[in-house]
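A short worksheet on the structure shown next.
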Amino acid sequence: MILKQYYLGCLAHASYLLGDEASHTAVIVDPQRDIQQYLDDAEKLGLQIRHVFLTHFHADFIAGHLELRDRCGATIHLGSRAVAEYAFAPEKDGDTLEFPGMRLRVLETPGHTIESISILVFDLTKDASDPYAVLTGDTMFIGDVGRPDLRASLGYSANELGGHLYKSLHNKLLPLPDETLVYPAHGAGSLCGKQLSSDTVSPLGIQRKFNYALQPMSKDEFISLVTADQPDAPQYFTYDAVLNTRERGTLERNLEKVLQPLSLDEVLNLQNSGAQLLDVRDGTEFAKSHLTGSLNIGLGGQYATWAGTLLNREKPIVIIAEPGREHEAALRLGRIGFDHVRGYLANGLAALATRPDLISTTERVSPTMFSEELAAAQPPLILDIRNPREWSSKHIPGSVNIPLNHLQDRLAEIPLDRRIAVHCAGGYRSSAAASILSQHGIDNLIEMTGGLAAWESAKLPLVSES
């Protein structure tokens with residue numbers, strides 16, 4: 001038996017290849033939408049991809065089940081409570097797929113979503129009675145459990161799903177042997193939970209001992225615990241969850257359509273018609289020079305998550321990238337179902353060489369210079385765009401906290417007659433924030449390089465709400 005984990009850091013997403021060498025069969029679980037790595041590995045291992053499982057309808061990315069179906073003829077497997085536009089094999093509790101060296105047994109584990117399943121993996125060459133591993137999807141993470149509040153807009157209350165989650169954990173997963181390896185669908189950085197570990201696998205016994213949500217407690221106590229203090233979920237989560245139920249175009253076909261070079265005039269015409277200009281370069285380069293009106297979300301950070309949070313799904317997107325990185329930018333948008341790209345600016349910023357009138361800059365300053373500005377007779381407003389939990393932990397005295405994911409909705413709170421000094425934790429988010437402020441005519445601003453980490457390293461004052 002073969003079990004291989006693939007980890008996509010920018011989405012904190014884990015997917016899996018399960019292989020039975022005797023029957024030359026591969027099963028892919030929770031695949032990302034770009035499937036080439038699974039195809040390549042299956043070929044190297046002498047396997048054919050015949051099955052693809054989704055443990056649930058993922059909210060934070062578009063799964064590659066239709067891509068694997070179309071490319072390999074793989075059968076799609078979903079939980080028995082799933083409803084989808086495409087044909088699939090519904091899997092109820094106890095259903096199995098049996099191979100000469102491997103057995104997969106489905107556990108219905110609703111809670112994170114109503115159709116969630118977990119998959120027991122038996123290595124029949126070693127032990128046919130106890131599972132080697134369990135693929136838990138978003139039901140159980142390393143250090144956490146799946147949040148039950150993401151389906152409120154689809155008719156399920158957090159308390160209802162929280163009750164299901166309690167039963168799934170205590171009746172289905174916790175009775176498994178301590179040695180069973182837990183392989184979840186997400187790790188640290190995912191918004192599908194609040195305390196996910198950076199580990200991507202753990203024996204169940206360790207989780208039983210150290211996972212805060214698995215400690216002895218009543219169902220009501222559990223529901224209160226797992227529904228409290230969850231991070232804000234981006235609006236695109238519901239969009240992706242629904243799109244994962246639908247018949248749609250494949251990623252490969254969409255990239256062929258959207259990766260079109262556009263002249264500067266074409267880009268400007270699209271901008272005038274309401275298109276979003278997405279500059280995916282590093283924030284340092286963006287600050288030096290960018291096309292006026294563009295939004296900066298750099299490829300070097302949690303690009304897809306912030307793109308899904310800040311971009312409008314109803315308006316076309318034009319990519320501005322360093323030449324050669326347009327494909328990566330469009331691909332990573334495609335991973336979250338943002339297929340509405342119209343093209344990219346041919347030659348990147350070089351296309352503006354003869355049009356300095358279209359170029360804007362962002363003033364970036366060191367923490368020391370930032371501090372000096374704050375000491376002026378008329379100091380700027382300090383805008384901290386980190387999340388509330390980060391702000392409460394420590395922040396610059398006198399700062400105002402408007403999280404980046406709420407900035408566009410709270411622009412009315414930004415004074416127009418005062419200089420704005422914006423920062424985040426390390427500089428990635430503040431570049432996006434500065435570009436949003438500039439889009440709305442707030443240009444009298446400075447951005448602190450290195451964020452609060454650099455401020456703290458300079459031993460400048462901080463306060464805490466705790």
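The values are calculated or read from the model by the stated rules, or taken from the named source; none is laboratory data. Since this is a predicted model, take the numbers as computed values, not measurements. Please note: Cβ atoms are built from the backbone with ideal geometry, for glycine as well, and neighbour counts cover all protein chains shown. Note: areas computed on protein heavy atoms with side chains; ligands, DNA, RNA excluded. Shrake-Rupley method; radii C 1.70, N 1.55, O 1.52, S 1.80 Å.
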Filter segment 242-263 for residues that are open to solvent by less than 40 Å² (accessible area, probe 1.4 Å), in contact with a strand residue (DSSP E or B) (Cβ under 6 Å, 6 or more places away or on another chain) and closer than 30 Å to ARG69 by Cβ and give the result. ASN244, VAL258
Name the residues in segment 307-331 that are under 25 Å from ALA233 (Cα atoms) and surrounded by fewer than 20 Cβ atoms within 10 Å (Cβ to Cβ), would you? LEU311, ASN312, ARG313, GLU314, LYS315, PRO316, GLU328, LEU331
Of PRO356, PRO380, the only residue that is surrounded by fewer than 20 Cβ atoms within 10 Å (Cβ to Cβ), on the phi < 0 side of the Ramachandran plot and in contact with an Asp or Glu (Cβ under 9 Å, 6 or more places away or on another chain) is PRO380
Please go through segment 52-103 and pick out each residue that is acidic (Asp, Glu), closer than 19 Å to GLN36 by Cβ and without any contact (Cβ under 8 Å) to a residue 24 or more places away in the chain. none
The conditions are (1) surrounded by 17 or more Cβ atoms within 10 Å (Cβ to Cβ); (2) at negative phi, and GLY111 fails exactly one of them. Which is it? (2)
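Yes/no matrix, rows are residues, columns are (1) among the basic types (Lys, Arg); (2) over 19 Å from VAL463 (Cβ atoms):
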site	(1), (2)
ASP384	no, no
LYS394	yes, no
GLN408	no, yes
ARG419	yes, yes
State yes or no: is ILE436 open to solvent by less than 50 Å² (accessible area, probe 1.4 Å) and not in a helix (DSSP H, G or I)? no
Where a residue in segment 438-466 is under 18 Å from SER371 (Cα atoms) and at pLDDT below 95 and its partner, wherever it lies, is among the acidic types (Asp, Glu) and open to solvent by 80 Å² or more (accessible area, probe 1.4 Å), with Cβ under 7 Å and at least six apart: none
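If you take the residues of segment 9-23 that are farther than 30 Å from ALA307 by Cβ and among the aliphatic types (A, V, I, L, M), which of them is least open to solvent (accessible area, probe 1.4 Å)?
Result: LEU18.
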Condition first: open to solvent by 60 Å² or more (accessible area, probe 1.4 Å), out of contact with any Phe, Trp or Tyr (no Cβ under 7 Å at 6 or more places or on another chain) and at negative phi. Can you find one or more residues in segment 132-151 that meet it? no
Restricting segment 447-462 to residues that are surrounded by 19 or more Cβ atoms within 10 Å (Cβ to Cβ) and in contact with a strand residue (DSSP E or B) (Cβ under 8 Å, 6 or more places away or on another chain), which is farthest from ALA304 (Cα to Cα)? TRP455
Could you list all residues from segment 228-241 that are under 19 Å from ARG33 (Cα atoms) and open to solvent by 40 Å² or more (accessible area, probe 1.4 Å)? THR238, TYR239
Please verify whether segment 165-179 includes one or more residues that are touching a residue at least 24 places away in the same chain (Cβ under 8 Å), touching a helix residue (DSSP H, G or I) at 6+ places or on another chain (Cβ under 6 Å), closer than 16 Å to HIS56 by Cβ and crowded, with 24+ Cβ neighbours inside 10 Å. no
Unique residue being within 27 Å of THR238 (Cα to Cα), touching a strand residue (DSSP E or B) at 6+ places or on another chain (Cβ under 6 Å) and either of a type in the set (Val, Ile, Thr) or assigned to a loop (DSSP other than H, G, I, E, B) (or both) when the list is ILE76, ILE49, ILE114: ILE76
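For every residue, the table says whether it meets (1) in contact with a helix residue (DSSP H, G or I) (Cβ under 8 Å, 6 or more places away or on another chain); (2) within 18 Å of ARG246 (Cβ to Cβ); (3) open to solvent by 10 Å² or more (accessible area, probe 1.4 Å).
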position	(1), (2), (3)
TYR7	no, no, yes
THR25	no, no, no
ALA59	yes, yes, no
VAL106	no, no, no
If a residue has to be without any contact (Cβ under 8 Å) to a residue 40 or more places away in the chain and within 18 Å of LEU8 (Cβ to Cβ) to count, how many in segment 318-327 make the cut? 0
Out of curiosity, is ILE206 among the β-branched types (Val, Ile, Thr), surrounded by 14 or more Cβ atoms within 10 Å (Cβ to Cβ), touching a residue at least 40 places away in the same chain (Cβ under 8 Å) and not in a strand (DSSP E or B)? no
